[in-house]
Amino acid sequence: MSRDFTARTDVAVPARTLNHDPGRIRVAVLLGASGSVATDVLGPYDVLADSSRFDVYTVSVGTDPVALSGGLTAVPDYGVDNAPAPQIVVVPAFTDPGGDAEKPLRNFIEKVHDRGGLVMSVCAGARVLARTDVLDGRRATSFWSDIGGLRRSNPRTTWVDGVRWLRDGDVMTTAGVSSGIIGALHLVRENAGAEEARRIGERISYPGWDPTATTEESIPVRRVAAADYPYPLHATLPWFQPTYGLGLVDGTGEIDIAAAAELYGGVAFTAHVVPVAERPIVTTAHGLRLIATPIDQAHGLDRLVVPGTGQFAVDGVPVFRPRAEARPGDSAFDPILRDIAARDGHAVATTAAKYIEYPRPELPADAGTPWRIIALTAVTALLAVAPFVRRRRTTHAEATR
């Protein structure tokens, strides 16, 4: 995970000036200095920036590139010292929510809230808010596996599970990972109207989203289960992972990028993901800058995943285009989950969907087998029992002398 959560700092990033329309609602999407979950950032960013009602930009502690899960590196638009004051701040999960490195961002959140701004956390971004005074006396939700710990550590907040999003006054919290997309769609509906929310929602095609709903959406209450075994196994046994190039071009959709990076590299852990492009800096559909490895410098790729419309070709490397495999009504996540199932089995895809709090799509009948993880688990088990076998043999030999 540390390999896939390391920011690229070897690329010179030119400064740029953003123009801000005073008639639009300013939204600051935070980027943790220690790293953030990619879909927590890119999902709400894509949704809100697609509406002309909002002026969306990214803010971190400074403007140095920062890591996102799944091997991505993002370039913040502003540091906390020079960021325009927002009316809405979006808080993703940080890798170190209570760390000293993130203190300037926690102070930034409190200042926005004290001025009457809306604070929206995504997934374990609630753990960031729990280190501020924003949630005191409020109802809130978070990623399903964090809620138990948050109840114990933050009893002044009433923690609610089984809901996709929850609004308590000027604080909105959402459930796991992909739920931030739904939370952002509700902000669009609230501030730009139902038709604008419907337009963006139809483009994204998140299953089950109702543009007319104004109350909290119920979702299954999830718990850690034995069926989740692919998650810890893939996370703790990364050896011999294939390397997937993530082919990016200017104008690629943020959710398209997040779905591929997150599912392959940040949740299913089936591959080491390396963003590649014609140039080292790529600008997404709504203006976020990402750092990529130039395609002519990318070596050792086992596969190339192209989430957008880029025309990439690397000799001897197979290409997978999720858009080309999409079915009517698919979101960006569905073809990738089906691909994971076809290559590594239903259990891996189902667990990945659970850990991004996404409704599992219909998976292919011909499921693959996770041979890499089976072999590594067997080898690990043999290495674990080998010392006991040797000790027993030694003891038996000594006893028979």
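The values are calculated or read from the model by the stated rules, or taken from the named source; none is laboratory data. Since the structure is predicted, the reported quantities are computational estimates derived from the model, not experimental observations. Cβ: placed from backbone, ideal geometry, glycine included. Neighbour counts: every protein chain shown.
So the values come out like this:
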quantity: Residue in segment 129-143 that is under 18 Å from ALA33 (Cβ atoms) and not hydrophobic (A, V, I, L, M, F, W, C) present; calculated: yes
quantity: Some residue of segment 219-235 being in contact with a Phe, Trp or Tyr (Cβ under 8 Å, 6 or more places away or on another chain) and closer than 15 Å to ILE182 by Cα; calculated: no
quantity: Residue match in segment 293-310 (condition: within 17 Å of the chain's Cα centre (by Cα), hydroxyl-bearing (Ser, Thr, Tyr) and over 17 Å from ARG321 (Cα atoms)); calculated: no
quantity: Residues of segment 359-376 satisfying the condition of being farther than 12 Å from PRO230 by Cβ and of a type in the set (D, E, K, R); calculated: ARG360, GLU362, ASP366
quantity: Criterion violated by ALA352 - all others in (1) farther than 28 Å from VAL66 by Cα; (2) out of contact with any Asp or Glu (no Cβ under 7 Å at 6 or more places or on another chain); (3) not in a loop (DSSP other than H, G, I, E, B) satisfied; calculated: (1)
quantity: Test: ARG156 is outside any helix (DSSP H, G or I) and without any contact (Cβ under 8 Å) to a residue 24 or more places away in the chain; calculated: yes
quantity: Test: residue in segment 311-333 that is hydroxyl-bearing (Ser, Thr, Tyr), buried (at least 17 other Cβ atoms within 10 Å of the Cβ) and assigned by TED's automatic domain parsing to the domain that holds PHE269; calculated: yes
quantity: Unique match (being free of Cβ contacts under 8 Å to residues at least 40 places away in the same chain, over 26 Å from VAL177 (Cα atoms) and outside any strand (DSSP E or B)) among ASP339, ASP315; calculated: ASP315
quantity: Extreme residue, farthest from GLU262 (Cα to Cα), among residues of segment 168-180 that are in contact (Cβ under 8 Å) with a residue 40 or more places away in the chain and assigned to a loop (DSSP other than H, G, I, E, B); calculated: ASP170
quantity: Subset of segment 247-259 that is among the hydrophobic types (A, V, I, L, M, F, W, C) and within 16 Å of ILE291 (Cα to Cα) - its residue that is farthest from the chain's Cα centre (by Cα); calculated: VAL249
quantity: Only one of GLY201, GLY245, GLY251 that is part of a loop (DSSP other than H, G, I, E, B), small (Gly, Ala, Ser) and at pLDDT 95 or above; calculated: GLY251
quantity: Any hit, segment 140-154, residues being within 28 Å of THR252 (Cβ to Cβ) and surrounded by fewer than 22 Cβ atoms within 10 Å (Cβ to Cβ); calculated: no
quantity: ILE356 vs. criteria surrounded by 19 or more Cβ atoms within 10 Å (Cβ to Cβ), β-branched (Val, Ile, Thr) and modelled with pLDDT under 95; calculated: no
quantity: Matching option when the condition is at pLDDT 95 or above, of a type in the set (Asp, Glu) and in contact with a Gly (Cβ under 7 Å, 6 or more places away or on another chain), among ASP256, ASP302; calculated: ASP256
quantity: Set ASP146, ASP170: member being within 16 Å of the chain's Cα centre (by Cα) and of a type outside the set (S, T, N, Q); calculated: ASP146
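Yes/no per residue for (1) modelled with pLDDT of 95 or more; (2) in a strand (DSSP E or B); (3) farther than 22 Å from THR351 by Cβ:
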residue: ILE182; (1), (2), (3): yes, no, no
residue: VAL188; (1), (2), (3): yes, no, yes
residue: ALA213; (1), (2), (3): no, no, yes
residue: VAL224; (1), (2), (3): no, no, no
residue: ALA235; (1), (2), (3): no, no, no
residue: PHE240; (1), (2), (3): no, no, no
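Results for (1) more than 19 Å from ILE181 (Cβ to Cβ); (2) in a strand (DSSP E or B), shown as yes or no for each residue.
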position: ALA258; (1), (2): no, no
position: GLU262; (1), (2): no, no
position: VAL274; (1), (2): yes, yes
position: PRO307; (1), (2): no, no
position: GLN311; (1), (2): yes, no
